[in-house]
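What follows is calculated from the coordinates using simple rules that are stated; it is not laboratory data. Here the structure is a predicted model, which means the values were calculated and not measured. Glycine also receives a Cβ, built like all others from the backbone with ideal geometry; neighbour counts cover every protein chain displayed.
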There are 2 protein chains.
Amino acid sequence: MHELFTVHQFPASGNHADLPAEVRDQVRALAFKGHSQLGADIIDAFPNIGLIANYGVGYDTIDVAHATSKGIAVTNTPDVLTNDVADLAVGMLISLSRGIVGASEWVLSGKWANTGAYPLQRTLSETTIGIAGLGRIGQAIGKRLHGFDADLHYFARSEKETPGWTWHNDLVSLAKQSDILIVAVSGGPETKQIISAEVISALGADGLLVNISRGSTMDEEALIKALQSNQLRGAALDVFNNEPNVDARFLALDSVLLQPHQSSGTVETRKKMGALQRDNLSAFFADKPLLTPVS
Amino acid sequence: MHELFTVHQFPASGNHADLPAEVRDQVRALAFKGHSQLGADIIDAFPNIGLIANYGVGYDTIDVAHATSKGIAVTNTPDVLTNDVADLAVGMLISLSRGIVGASEWVLSGKWANTGAYPLQRTLSETTIGIAGLGRIGQAIGKRLHGFDADLHYFARSEKETPGWTWHNDLVSLAKQSDILIVAVSGGPETKQIISAEVISALGADGLLVNISRGSTMDEEALIKALQSNQLRGAALDVFNNEPNVDARFLALDSVLLQPHQSSGTVETRKKMGALQRDNLSAFFADKPLLTPVS
């Protein structure tokens, strides 16, 4: 980054006002990373920016409407992370259903040698798997699950071209039909708590929930209550409200698999995400078309 | 079982001689479960048996040659467990490559909240995955991995009809070509330590190994040395020599994912395995064709 551009680091305090106004005036683009809010206040504090280049596919914390209204473009890093996110979703699903983390502990603690076989888990075969959201990542998850012996259903605003997967235009209908629900919708106001108490209840006491989208898509209170009262068999979560401060009630549950928002967290993919972010910045400064504008 | 047949329990001591000779003389079939040896000594101690009905697909601990020479049939429980074993193999592969067990611990221990992001792991995308053994289980693993963005190669005695997977008639050649090697050959004398020091070395320092076959297929000494000296990136193992007493050196390694031989360990599949074992016994006693004879 430093070889290509003159870089001013955002203040470690997290407060843009700690960057002198004369520096902020010089800044022409923001390179953004992380899951904190990038709202109108920050955007307005940089009066001469023409681009916000996000590192990541989700840009729900960026006030895109405000940026757009001021003629500021926003780019993200789609595609390059799709495979990793889909891989982790499938890995989390199998790990949850087959108790891989507990089984590892069973061996390491000596229980296998000293007390006998690991408790039986539950099969994935002949289950119905629902995917909420069939964008790039949802499609990649479906493509992977196609090789498993499962019936695939999905929720999307419109029916998509798929190899025999069943469309639902309603999340409760999808959850009712599904043994397992994988959440792959985008974050943002439109999908806030879209996985509601009603959806979780429709999934049922034998259901599993996997979330690799955003914590905001989940009614966490309803989820925690369902898990605590065994109204849901289990949940595998890579994203949370208020992360990295995971609700302590999740930590006390045996029926969850918790991951630290690592769905795109591989050496290879993070390099590609960084390169795409830089390429968008370079295009902007060279007055060329942006590679991956969000709108 | 007790409703269908007169059942004599094998002695808890594990020693067949603890069952009185007059009882052993009455026994006409052995219903076998587990991974201990069922050799010529035990077979000969039951002079009137016509069937050994195994619970499980692998029958490497049963002396089938000796049974056959005495006109004793052997049955196993194939097919009904294929999907579960393949599911776990893929789950172990993703868990190992993406560090799912360590990531879970990262959240539970509070490290995510207190020290920051989980260390970057490694992608599965654009890797070459080799499958050693393309029987029922190997094929089911390949079918699942087909939806992932990976190049598939396999080792088998003869070339199989596959959707574009590359055949190797030599394990070292397969390992050289592969980033990840999944072992799905049958157990028994023919495959003893087939995953040799040479195969492990050919896989290379960046390689991953997944074993869901039998501990006997692996040169465990060579594997442990390769892992200890970082000549292999990691291994996910569901089976071991001398299980459930896992070699303590495995327990000390960070680069392994250990599972307690749970590949068919689901409620649903174990029911089906039991039913198939009973159906073979019923067929035998009704003088009907056996459902799943091994030879």
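Residues whose amide H lies under 5 Å from that of residue B:263, counting only those 5 or more places away or on a different chain, are absent; hydrogens are built 1.01 Å from N in the peptide plane. Our compactness index for chain A, the C-alpha radius of gyration over the empirical 2.2 N^0.38 Å, is 1.11. Near residue B:257, the amide H atoms lying under 5 Å from its own belong to B:235, B:236, B:237; only residues 5 or more places off or on other chains count, and H is placed 1.01 Å from N. The calculated Kirkwood hydrodynamic radius for segment B:82-258 is 16.5 Å, given to one decimal from all distinct C-alpha pairs.
Count Lys and Arg as plus one, Asp and Glu as minus one, and take only other residues whose Cβ is under 10 Å from that of residue A:86; the net charge is then 0. Amide H contacts of residue B:128 (H built 1.01 Å from N, in plane; Pro and chain starts excluded): B:151, B:179, B:180 sit under 5 Å, all sequence-distant by 5 or more or on other chains.
The modelled label-to-label distance between residue B:68 and residue A:245, using points 7 Å beyond Cα along the C-beta direction, is 6.8 nm. In the structure shown, do any of B:192/B:225; B:70/B:288; B:143/B:272; A:272/B:160 have a Cα-Cα gap over 30 Å, and if so which? Pairs exceeding the cut-off: A:272/B:160. In terms of its alpha-carbon gyration tensor, segment B:1-120 comes out prolate; a/c meets the 1.5 threshold, and the first ratio a/b outweighs b/c. Given in Å, the Rg to one decimal and the Dmax to the nearest whole number for the Cα atoms of the protein assembly as shown are 27.3, 100. Note on A:77, A:292: ascending count of other Cβ atoms within 10 Å places them as A:292, A:77, the fewest first. Efficiency by 1/(1 + (r/R0)^6): what FRET value for residue B:160 and residue A:285, r their Cβ-Cβ distance, R0 = 45 Å, to the nearest 0.05? For R0 = 45 Å, the calculated efficiency reads 0.25.
In order along segment A:82-99, the Karplus-derived 3J(HN,Hα) couplings, from 6.51 cos²θ - 1.76 cosθ + 1.60 at θ = phi - 60°, round to 4, 4, 4, 5, 5, 4, 5, 4, 5, x, 5, 4, 5, 4, 5, 5, 9, x Hz, and Gly and Pro are given as x. The alpha-carbon of residue A:271 sits under 19 angstrom from the alpha-carbons of these aspartates and glutamates, leaving out residues fewer than 8 places away in its chain: A:3, A:79, A:84, A:87, A:279, B:126, B:149, B:206. Here the protein assembly as shown is assigned +1 on the Cβ of each Lys and Arg and -1 on the Cβ of each Asp and Glu. Its dipole about the Cα centre then comes out at about 200 debye.
The DSSP beta bridges internal to chain B are antiparallel in roughly 5% of cases. Normalised Debye scattering of segment B:158-234 at q = 0.14, 0.16, 0.19, 0.25 Å⁻¹ gives log10 I(q)/I(0) of -0.43, -0.56, -0.78, -1.24, counting only Cα atoms as equal scatterers and leaving out solvent. Charge tally around residue A:122: other residues with Cβ under 13 Å, Lys/Arg +1 each, Asp/Glu -1 each, net -2. Local charge for residue B:160 was computed over the other residues whose Cβ lies under 13 Å away, with Lys and Arg +1 and Asp and Glu -1, and equals +1.
Computed packing ranks the peptides B:118-129, A:64-75 as B:118-129, A:64-75, most packed first, by mean other Cβ atoms within 10 Å.
Each Cα pair under 8 Å and six or more residues apart adds its separation to the average, and for segment A:165-254 the resulting relative contact order is 28 percent. Per-residue shielding of A:264-275, expressed as the average number of other chain Cβ atoms within 10 Å of the residue Cβ, stands at 4.
Remark: mean inter-chain Cβ contacts per residue of B:240-248 equal 3, using a 10 Å Cβ-Cβ cutoff to other protein chain atoms.
Take each peptide in A:83-91, A:3-11, B:147-155, count the other Cβ atoms within 10 Å of every residue, and average; sorted highest first, the result is A:83-91, B:147-155, A:3-11. Its relative contact order, with pairs defined as Cα atoms under 8 Å and 6+ residues apart, puts chain A at 17 percent. Counting each DSSP H run of 4 or more residues in chain B as -39500 (n - 2.57), what helix-only mean residue ellipticity at 222 nm follows after dividing by all residues, to the nearest 500 deg cm²/dmol? That comes out to -10000 deg cm²/dmol.
Partner shielding of A:110-121 amounts to 5, given as the average count of beta-carbon atoms from other chains within 10 Å of each residue beta-carbon.
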